[in-house]
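First up is the structure itself, then whatever we jot down about it.
The values are calculated or read from the model by the stated rules, or taken from the named source; none is laboratory data. Everything quoted here is computed from the prediction, not taken from an experiment. For neighbour counting, all protein chains shown are included, and Cβ atoms are generated from backbone atoms with ideal geometry for every residue, glycine included. Accessible surface areas use protein heavy atoms only, side chains included; no ligands, DNA or RNA. Shrake-Rupley method; radii C 1.70, N 1.55, O 1.52, S 1.80 Å.
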Amino acid sequence: MSMTVDQRIIVPLDVSSASAALDLVDALPEVSFWKVGLELFVSTGPSLIQELKARQKRIFLDLKFHDIPNTMAGACMAAGRYGVDLLTIHAAAGQEAMEAAQQAAIAGAEAVGVEPPLVLAVTLLTSIDPQTLAVELKIPLDSNSYALQMALLARDSGLKGVVCSPQEASQLRRFLPADFALVCPGVRPTWASSQDQRRTMTPVQALNAGATYLVIGRPITADPDPAAAFARICEECSTAIAP
């Protein structure tokens, strides 16, 4: 299914209350895809998911499950019942855990008659730079090689997408199927601060590198005119990808 540029942009609801989240959603009716992360989900629970679905929004439930296979399966079965579009787990949990998570998410969705989420494996957090990877985590691979290893492991586990830095998207595209989803945080327009993301690209660069979806938060939500910022990003992205 082809998507317009605006449908490829996911905006995070990085707030801690349902009222603040829904105020933001209502202030940006042009945004069709929203991310619910740990802080908001822990604060509000699944009731916010229902509110977003009532507004006919697509939902990226970004909880990054990372545990033993049985626990991840139980969590993904529960999350599968929410009817969200995307759901994250950590590739570092291993193949058995990813397989269990995928199967459980599908089973949970089927049990209540909703479409199952696309389960995405997080390859490497965009806040982790090469020095952190090597010195603190003692992983003897560079960021690109590690992200590729995790993405291939996710593919072999039956998953159909990963979360990756846009800097790794081009390489991953060479090794993964064309319909394999690459969801890229760490995307910042040239006119916005990089904040705590260390491996970043502009939206146009990320799409040209092969990203399927872009996660763009503060450049939109912290702008004095969020609607104008969203429109500006969409306009810039139209030069990189045909609607």
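Prolate is the label for the stretch 1-65, because the ratio a/c of its alpha-carbon gyration tensor axes (a ≥ b ≥ c) is 1.5 or higher and a/b is greater than b/c.
The local environment of residue 235, defined by Cβ-Cβ distances under 15 Å, has a net charge of -3 under the rule Lys, Arg +1 and Asp, Glu -1. Per residue, the stretch 114-162 exposes 47 Å² of accessible surface when a 1.4 Å probe is rolled over the protein heavy atoms with every protein chain present.
One Cα centroid belongs to the stretch 132-168, the other to the stretch 7-67; the line between them spans 26 Å.
Surface composition of the stretch 93-183: carbon and sulfur atoms hold 52% of the protein heavy-atom accessible area at a 1.4 Å probe. Each Lys and Arg adds +1 at its Cβ and each Asp and Glu adds -1 at its Cβ; summed about the Cα centre, the stretch 43-142 shows a dipole of about 380 debye. Between residue 214 and 9, 10, 184, the built amide H atoms are under 5 Å apart, and every one of these is 5 or more places off in sequence or on another chain.
Considering only DSSP beta bridges where both residues belong to the chain, give the percentage that are antiparallel (nearest 5). Antiparallel bridges make up about 0 percent of those DSSP assigns within the chain. The sum of -39500 (n - 2.57) across all DSSP H runs of n ≥ 4, divided by the residue count of the chain, sets its helix-only mean residue ellipticity at 222 nm to -12500 deg cm²/dmol.
Here the Karplus curve 6.51 cos²θ - 1.76 cosθ + 1.60, taken at θ = phi - 60°, turns the phi angles of the stretch 131-148 into couplings of 5, 4, 4, 7, 7, 7, 8, 6, 9, x, 9, 6, 4, 5, 5, 5, 4, 5 Hz, with x standing for Gly and Pro. Residues whose amide H comes within less than 5 Å of that of residue 238, counting only those at least five positions distant or on another chain, are absent (H built at 1.01 Å from N in the peptide plane). Phi angles of the stretch 200-210 translate, via the Karplus equation with coefficients 6.51, -1.76, 1.60 and θ = phi - 60°, into HN-Hα couplings of 10, 8, 6, x, 4, 4, 5, 5, 5, 6, x Hz per residue; Gly and Pro are given as x. Backbone amide hydrogens, once placed in the peptide plane, bring residue 161 within less than 5 Å of 121, 181, excluding anything fewer than 5 places away on its chain. Inverting the pair-averaged 1/r between distinct Cα atoms of the chain gives 18.1 Å as its Kirkwood hydrodynamic radius. Think of each Lys and Arg Cβ as +1 and each Asp and Glu Cβ as -1; about the Cα centre, that makes the dipole of the chain roughly 280 debye.
Since only 48, 227, 201 are under comparison, the one whose Cα sits farthest along the positive direction of the charge dipole of the chain, derived from C-beta charges on Lys, Arg, Asp and Glu, is 201.
Derived scalar couplings between HN and Hα for the stretch 98-113 equal 5, 4, 5, 5, 4, 5, 5, 4, 5, 5, x, 5, 5, 5, 10, x Hz in order, rounded to whole Hz, by the Karplus curve 6.51 cos²θ - 1.76 cosθ + 1.60 (θ = phi - 60°), x for Gly and Pro.
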